[in-house]
Every structure is written in structure tokens, then in C-alpha cells.
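Below is one structure, written out as C-alpha cells; the observations come after it.
Here, each number is a calculation from the coordinates, and none is a lab measurement. Because the structure is predicted, anything quoted here is derived from the model rather than measured. Positions of Cβ are backbone-derived with ideal geometry, glycine not excepted, and every protein chain shown enters the neighbour counts.
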Amino acid sequence: MPTRCKPIAAAAFLAALTVLSPRGASATSIPEFDRKTPEEKSAIIFQFLERVINALSEKDPVFASEILKYFESGKGIEDLFKELSRVDLLAREGKLDRSKIQVENVIRLVLTRKFPPPAGANTKPPQK
């Protein structure tokens, strides 16, 4: 059962994920990620998570701690690699292009599935 977060934490979480949305040189495509060593893959994952957790920790340290525990327990990593396997399957079926998918966005997907915003929360990114 997914953990529910407080409305303020949900808004902060969504804002953090929007602000930390991978753009430019920091984003890692799945084929690029696949070519990395296990240590490099871990660094990519945990550097992104560190940015998310740091962005959330001021507004809701308990929620930030839940995210950290989810990944430290191994469940977050397991869910991430399941999702990456789904991407591979869809690519083999010709339904998507792996080179257009960024690992950081897959992490975002895993986080929003584990910690869905409460019903009625504003999930739209802020307009620039």
C-alpha cells in the first residue's frame, strides 16, 4: 500500500521534483546509464535522491526521511530496476525509444507511485 503524504509535504515534493527535473547535461539517458559501472549507476541514483531529499528536508524532514528509508531498505532500488525493466520491454515492443527516457525521470515516477499526492493536490508544475 503506498504511503500517503501530508498535503504540504506533497506540494513540496512535487515542487522539488519539478525543480529537480533533469534538463541539460545532468540528465542520463537509459542507454548511457546501462554503459555505467555499478558504482557509477549508484552515484547517479543517489545524487539525484540527495537533491530531492535536501529540497524536502526543510519543509518536511519526516517525509524526506521516509524517502531515504525507502531507498536504503532496498525496496526503492528494487522498484526502480523493475521500472527500468518495464521500459526495456516497451522498447522491445517498439512502444518507446529508450534513448529519450532519462533515468532521473524513472526515479521520479517510482517516487510518485510510492508517495502519491493526496487527492485534489495540485500536481501541475508551476508555470514559468
### Query
If Lys and Arg each add +1 and Asp and Glu each add -1, what is the summed charge of the other residues whose beta carbon sits under 12 Å from the beta carbon of SER57?
-2
### Summary
Fewest-first ordering of SER57, SER99 by Cβ atoms within 10 Å yields SER99, SER57
## Note on the structure
Over 25 Å (Cα to Cα) among LYS41/LYS100; LYS36/LYS82; LYS41/LYS114 -> none
### Task
Can you tell me how much longer the chain between ALA119 and GLU93 gets when fully stretched, taken as 0.36 nm per residue apart minus their C-alpha distance, in nm with one decimal?
6.0 nm
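Going by the alpha-carbon gyration tensor, a ≥ b ≥ c the square roots of its eigenvalues, is the range 29-114 rounded (a/c under 1.5) or, if a/c is not under 1.5, prolate (a/b greater than b/c) versus oblate?
prolate
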